[in-house]
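Let me begin by presenting the structure, written as structure tokens, before commenting on it.
Taken together, the values in this text are just the output of simple stated rules run on the coordinates, not laboratory data. The structure displayed is predicted, hence computed values, not measured ones. Methodologically, a virtual Cβ is constructed for each residue, glycine included, from the backbone with ideal geometry; neighbour enumeration extends over all protein chains shown.
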Amino acid sequence: MEKITIYTDGACSGNPGPGGWAAILMYNGNKKEISGGMKDTTNNIMEITAVIEGLKALKFPCEVDLYSDSAYVVNAFSQGWIYNWMMKNWKTAGGDDVKNKELWKELYSLTQTHKVNFIKVKGHSDNEYNNRCDELAREAISKL
């Protein structure tokens with residue numbers, strides 16, 4: 001299985017408001033940047049969308065080190081929230097419907113194709129690729 005690194009970020013101008021997402025895919029010294037935006041969305045939707053789009057850009061099953069500054073996305077997998085939501089028919093521990101359920105289902109499905117290692121990075125810090133993703137996501141907002 002090929003090993004690839006993906007950095008992702010989502011941004012929103014107002015929450016909700018216009019939003020952007022970005023991903024940088026790195027493989028064997030090659031780098032590909034992708035991004036997009038939505039007119040009316042939330043920060044969390046953009047964070048999840050960035051991960052989904054990054055994984056959807058892969059042409060075959062890969063082992064992925066996925067870096068995100070979103071605790072929401074990383075913890076959903078590293079702390080097992082998503083598995084609990086699935087067992088509870090997409091309800092939270094408090095019994096409420098899981099927000100963004102369709103996106104979570106799509107992301108979960110992609111983790112069945114790819115072996116994804118979710119890694120939390122500090123946002124707006126000194127990580128070159130996280131900062132570049134933030135820049136790309138904000139550029140996507142400005143193009144809306």
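Counting only C-alpha contacts under 8 Å and six or more residues apart, can you give the relative contact order of the chain as a whole percent?
After rounding, I find 34 percent.
Order these peptides, 3-12, 37-46, by their mean beta-carbon neighbour count within 10 angstrom, highest first. Walk me through the numbers before you get to the answer.
Details: 3-12: 24.5, 37-46: 18.5.
With the highest mean Cβ count within 10 Å placed first, the list reads 3-12, 37-46.
When the helix-only estimate is applied to the chain (DSSP H runs of n ≥ 4, each -39,500 (n - 2.57), divided by the residue count), what is the mean residue ellipticity at 222 nm, nearest 500 deg cm²/dmol?
Estimated from H runs of four or more residues: -12000 deg cm²/dmol.
From the P(r) of the chain, can you give the percent of Cα pairs sitting at distances over 18 Å?
Of all Cα-Cα distances in the chain, 54 percent exceed 18 Å.
Which whole number in µm²/s is D for the range 48-95 by Stokes-Einstein, with the Kirkwood Rh taken over Cα pairs at 37 °C and 0.692 mPa s?
Reported coefficient: 268 µm²/s.
Given the C-alpha centroids of the range 1-76 and the range 89-135, what is the distance between them in whole angstrom?
The two parts, judged by their Cα centres, are 8 Å apart.
Using a 10 Å cut-off on Cβ atoms, rank the peptides 97-105, 67-75 from the highest mean neighbour count down.
67-75, 97-105
As a test, work out the antiparallel percent of DSSP beta bridges whose residues both lie in the chain, rounded to the nearest 5.
60 percent
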